[in-house]
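One structure is given here, and the rest of the page talks about it.
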Amino acid sequence: MGAHARDSDDLARMLYWTADKRLDWDAVTVGPEVGVEPEQVERAVGRLAELGLLVPAPDMDPGYVPARPEQALMRLLSLEEQILEEARSRLASSRDLVGALMRNFPMQSRADKGAHIELLLSGDEVNCFIESRADGLRYRQLAMHPGGAPPQELVDEMVLRDTEVLSRGVEIKALYPHHIARTEYVRDYLTEVTHQGGSIRLAPYLPIRMIVVDDQLAILPIDPKDSSKGAFAIQSSEVARSLVEIFDFHWHSASAFPEGCEGESFGRFSLTSQEQAIVRMLAMGAKDESVARQLSISPRTLSRIVSALLDRLGVQSRFQAAVQLTRAGLLDTREK
């Protein structure tokens, strides 16, 4: 304990043992009496109140009344018991919620009737789970992959797995963001899957990572912003049906690979796929941080791209750019 803290505690003890004689606890009054600064008096009084040795009494002249040490201790224990009881109540409530979840969505690895959830707590667990389910694929797999390019070793595994699945006559449909096709090894993978009979489309924006297997099993990230944290594997036709609707919505507005890799021209404007993604997401109200994360670029890079685009369009603001691009047809999201 430092000298400053010791002085404060010494002053607090002195004030407490003379409490029954005090007529005023005002720091301006007490300070000159004991030869200390008013700030030290305030700290000492606050310390006594914190320990429960002074109890606020607004209707009395000093504003406080002293309490016996045993009374202060009993108040402290009572407060701790109250906090403990509240914690027990919250724990009981949480236990009830977990029990309800387990009854309605039992967590297990095997498929059965009803809805089941399995927690996959890392990226490696997710990849192993997908690998283990490949042999059981019967008729189709839908996949949506936003964000940046996966590691090359994972893409190599995907080539082998998807080629084997397609050879059995299983349908594979996958959505990727436009920018990902500019990564050479990813583009090679997309080309090979397409050559083997898979269907690949590219979109300017994808909302969430997902895989739907045979319209029965859905794999969704625990944290949509960080797929390395694992995923939920949900065996439920109802959940899968909803995700299929989301997938189909984005599928119908996406461009076929490889045609969708090139920039599109709208009137006199020609935009790259990255610029298309940026203006469409910004037009939908996405924040700069979200757009940068979806495209795997830094906020500073995003700012430079937007500034360059404004210069090319000859406008001063994003609103003016949106007007120009809407007139040119870029922000018309209806299926062509």
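The values are calculated or read from the model by the stated rules, or taken from the named source; none is laboratory data. This is a predicted model, so every value here is computed, not measured. When we count neighbours, we look across all protein chains shown, and the Cβ atoms used for this are built from the backbone with ideal geometry, even at glycine. Note: areas computed on protein heavy atoms with side chains; ligands, DNA, RNA excluded. Shrake-Rupley method; radii C 1.70, N 1.55, O 1.52, S 1.80 Å.
Which ³J(HN,Hα) values, rounded to whole Hz and listed in residue order, are derived for region 162-179 from phi using the Karplus coefficients 6.51, -1.76 and 1.60 in 6.51 cos²θ - 1.76 cosθ + 1.60 with θ = phi - 60°, glycine and proline given as x?
Listing the rounded values in order: 5, 5, 5, 5, 5, 5, 8, x, 7, 7, 10, 10, 9, 10, 10, x, 3, 5 Hz.
Calculate the FRET efficiency for residue 73 and residue 229 from the Cβ-Cβ distance with a Förster distance of 45 Å, rounded to the nearest 0.05.
Values: r = 45 Å, r/R0 = 1.01.
Efficiency, rounded to the nearest 0.05: 0.50.
Report the full-extension gain for the segment residue 125 to residue 89: residue separation times 0.36 nm, less the Cα-Cα distance, to one decimal in nm.
On the way: separation 36, 0.36 × 36 = 12.96 nm, distance 3.49 nm.
Value of the extension gain: 9.5 nm.
Using the crude model of +1 on Lys and Arg Cβ and -1 on Asp and Glu Cβ, and no other charge, please compute the dipole size for region 166-300 relative to its Cα centre, in debye to 20.
Numbers: 14 positive and 17 negative charges, 66 e Å.
Once rounded to the nearest 20, the dipole reads 320 debye.
On the principal axes of its Cα set, how long, how wide and how thick is region 157-201? Give whole Å, largest value first.
Projected onto its principal axes, the Cα set of region 157-201 covers 30, 18, 15 Å.
Would you please give the residues with an amide H less than 5 Å from that of residue 172, counting only those at least 5 places away or on a separate chain, with H modeled from the backbone geometry?
141, 199
Suppose the chain between residue 238 and residue 82 were pulled fully straight at 0.36 nm per residue; how much longer would it get relative to their current alpha carbon spacing? Please report the intermediate quantities before stating the final value.
On the way: separation 156, 0.36 × 156 = 56.16 nm, distance 4.38 nm.
Difference between extended and current length: 51.8 nm.
Suppose all protein chains stay in the model; what accessible area per residue would a 1.4 Å probe give for region 111-170, in Å²?
For region 111-170, the solvent-accessible area averages 53 Å² per residue.
For region 160-296, just say rounded, prolate or oblate: build the C-alpha gyration tensor, square-root its eigenvalues into a ≥ b ≥ c, call rounded for a/c under 1.5, and beyond that prolate if a/b exceeds b/c, oblate if not.
Because a/c hits 1.5 or more and a/b fails to exceed b/c, region 160-296 counts as oblate.
Using a 1.4 Å probe and ignoring any ligands, DNA or RNA, find the accessible area of residue 315 and quote it in Å² to the nearest 10.
20 Å²
Rounded to the nearest 0.05, what FRET efficiency do residue 139 and residue 289 give with R0 = 51 Å and r taken as the Cβ-Cβ distance? Could you check? Spell out each step's value before the answer.
Details: r = 39 Å, r/R0 = 0.77.
The computed FRET efficiency comes out at 0.85.
Between residue 55 and residue 153, what is the label-point separation in nm under the 7 Å Cα-to-beta-carbon projection?
If labels sit at residue 153 and residue 55, their model points lie 6.8 nm apart.
Rounded to the nearest 10 Å², what accessible area does residue 195 show when all protein chains are kept and the probe is 1.4 Å?
Approximately 140 Å² for this residue.
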